[in-house]
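As structure tokens, the structure follows; a few thoughts come after it.
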Amino acid sequence: MEKVSIQNQKIFIDNYSIEIIVKREDLIHPIISGNKYRKLKYNVSQAKALEKNTLLTFGGAFSNHIAALAYAGKLNNLNTIGVIRGEELVYKENLNPTLTLAKSLGMKLKFVTREEYRRKTKDSFVNTLINEFGEFYLIPEGGTNNLAIKGCEEILKNEDFRANYVCCAVGTGGTISGIINSSNANQKILGFPALKGGFLNQDIRNFANQDNWGLITDYHFGGYGKIKPELISFINTFKRDYNIPLDPIYTGKMMFGIFDLIEKGYFPDGSKILVVHTGGLQGIIGVNEKLKLKNQPLIEV
Ligand SMILES: *Cc1c(COP(=O)(O)O)cnc(C)c1O
């Protein structure tokens, strides 16, 4: 995949002497956006080096990683297979926008029950996939492995090392681990998990080689994929004020958290906060479809 150049966008908040710089990784590509580009970069070259012509991965039906991998496969002339959580989806006549896109990019979709999906890392399950599809290069759920971390170590550059804080949204913890590894020891890296509880701290410790980080766990809005009108309203106001779109699963929750922490005085005066916009905007159409069914306010696009 080619080189990318990303812009840092400064935003100003009235009444606070705090500088926020948004690292617009969402602009890398509309589909292979943000951290998913970083995570796939070295995995795609590794698959090619190993002469594997098929990439296989796992994900939920709205997964940014599934969409990104489908696109990356197409660009690199590699076949792609997505193992999708939730058998009931097979029977739906219309796939959601994420899966429709993945399919149109040539991805083969295999739907498995939630129970099977939980066994996805077991050899026995992987072997049934090899029997069905032949040899493939396996990329874990969310794309997180050592090569993904290596790619995420390229997010911070030059002037970014002057920031006192670096913030990013957290799913599996791969992205924040790469950021931690490449940061200066005097910077504080803050992760905002998009899901409740779990083993994140340990997972990040396994990949990260510094301890200048922490997780802010108060802004998951009830759990992964859970959305409240208050969050939608924040995302819409933020876009109107700063002309930066946020996604409702990851970056919207993180930015909501950062603004709330600023109001609560968490960051000392004069702090420079670098906020990594990890992308995820492809998911907005699908989320809006769900919100519409529930008669809730939509994300403005
Ligand atoms: C996948 C994703 C994340 C989470 O990244 P991890 O490396 O799994 O922690 C954050 N933001 C966006 C937009 C994502 O798509």
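The values are calculated or read from the model by the stated rules, or taken from the named source; none is laboratory data. In this text the structure is predicted, and so the values were computed from the model without any measurement. So basically every Cβ, Gly included, is an ideal-geometry build from the backbone, and we count neighbours across all protein chains shown.
Worth a mention:
- Of I139, I130, all but one fail to be under 29 Å from V22 (Cβ atoms) and in the same structural domain as A47 (by TED's automatic domain parsing); the exception is I139.
- Residue in region 221-231 that is exposed (fewer than 15 other Cβ atoms within 10 Å of the Cβ), in the same structural domain as D14 (by TED's automatic domain parsing) and within 16 Å of the ligand (Cβ to nearest atom) present: yes
- The residues of region 239-257 that are under 22 Å from I189 (Cβ atoms) and more than 10 Å from the ligand (Cβ to nearest atom), listed by number, are I244, M255, F256, G257.
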